Structures are given as structure tokens and as C-alpha cells.
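The values are calculated or read from the model by the stated rules, or taken from the named source; none is laboratory data. These numbers come from a predicted model, not from an experiment. Glycine also receives a Cβ, built like all others from the backbone with ideal geometry; neighbour counts cover every protein chain displayed.
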Amino acid sequence: MSKIKPSWWDEFVAFAVKGNAMALAVGTIIGAAFSTITKSLTDDVIMPIIAIFMGGIDFSELKITLPRLFGEPVLDEAGNEILNTLNYGNFISAVINFAILALVVFFLVKGLNKMAEIGKKKEEEAPAEEPAPPEPSPEEVLLTEIRDLLKNK
């Protein structure tokens, strides 16, 4: 019994194993992992240090409770009112996290550009081979033969 392959399968496999698609997949996975690292750096290292200088404020606790304008209060399973809050502390943490990611990407791109510059300079410094002299035209060949025949007479 032979397996039936859809017609698009070969095209998909060719696309998936191309260098660009694989590089994009690897970059996405590493980017997601790096994002969790910078989030942890922000939440677990930087924000507590900033909190020391701001009197022990936990940024995740910074919020404004918004009033409920219409309807009855919404209660959770325990009977406590669910508040409508504007969590600006989490937003500040996210902005700091973004700044760290942007800074790292900036230095990464700067480093890659520097490496590309060094590679270009090495290519430029390499001695270029002198081009071969151009082939003589048929007239030049004929004139050279005539000159050599006249010399030999």
C-alpha cells in the first residue's frame, strides 16, 4: 500500500528546510527565551533595586482602582468584589523590559555591523589579482606576424 502525499507537501518541505525559514524559526525560539530572561531580569533584579530607592514600592502593586459607573459589583467565588484597576506599575515594568530588550538588540546589531565592516576591510586589503592582458585583436596578430617576417628577411 503506497502512501498518498498531498501535492503541497513537497513544496512545504522545500520551504521549511530553506535557510531563511530555519533561521527565522531559530530566531523566534531564541527571542522568546530571551524575552523571558529579560522579563525575569526586570521583575526579579532591576525592579527590586529601583524599589529600594523609591521607599520599598512594589511596582506590580501600583494601580488605580477605577469606579464602577453602572450595574452591581461583580463578585468572585469567595464573595469578594472584583475591582476594576488600572495597573500602571505593570506597565512601567513592561516599559523597562522593552528598554532592556531594545538596548540588547541595539548592541547586537552594532556588533554584527562591526563584524561585517571588518570582513569588508579584509576583502579590500586582500591583494587583487591583476587582470590578464586583453587578447590581441586579429589585426594586431596579423601586424605582429608581418613585422616578424620582415625582421627575418
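Identify all residues within segment 105-153 that are of a type in the set (Asp, Glu) and in a loop (DSSP other than H, G, I, E, B); write none if there are none. Spell out the reasoning first.
Going residue by residue through segment 105-153, those that are of a type in the set (Asp, Glu) are 117, 123-125, 129-130, 135, 139-140, 145, 148.
Matches in segment 105-153: 129, 130, 135.
Considering only residues of segment 47-88 that are among the aromatic types (Phe, Trp, Tyr) and closer than 18 Å to residue 99 by Cβ, which is modelled with the lowest pLDDT?
Top of the filtered list is 59.
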What are the residues in segment 18-69 that are within 14 Å of the chain's Cα centre (by Cα) and not hydrophobic (A, V, I, L, M, F, W, C), if any? 20, 27, 28, 31, 35
Where a residue in segment 97-123 is touching a residue at least 24 places away in the same chain (Cβ under 8 Å) and its partner, wherever it lies, is in a helix (DSSP H, G or I) and aromatic (Phe, Trp, Tyr), with Cβ under 9 Å and at least six apart: 101/34; 104/34
Any helices (runs of 4 or more DSSP H) falling wholly within segment 1-78 and containing at least 1 residues that are touching a Phe, Trp or Tyr at 6+ places or on another chain (Cβ under 8 Å): 19-40, 47-53
Residues within segment 18-57 that are among the charged types (D, E, K, R) and either surrounded by 14 or more Cβ atoms within 10 Å (Cβ to Cβ) or touching a residue at least 60 places away in the same chain (Cβ under 8 Å) (or both), tallied: 2
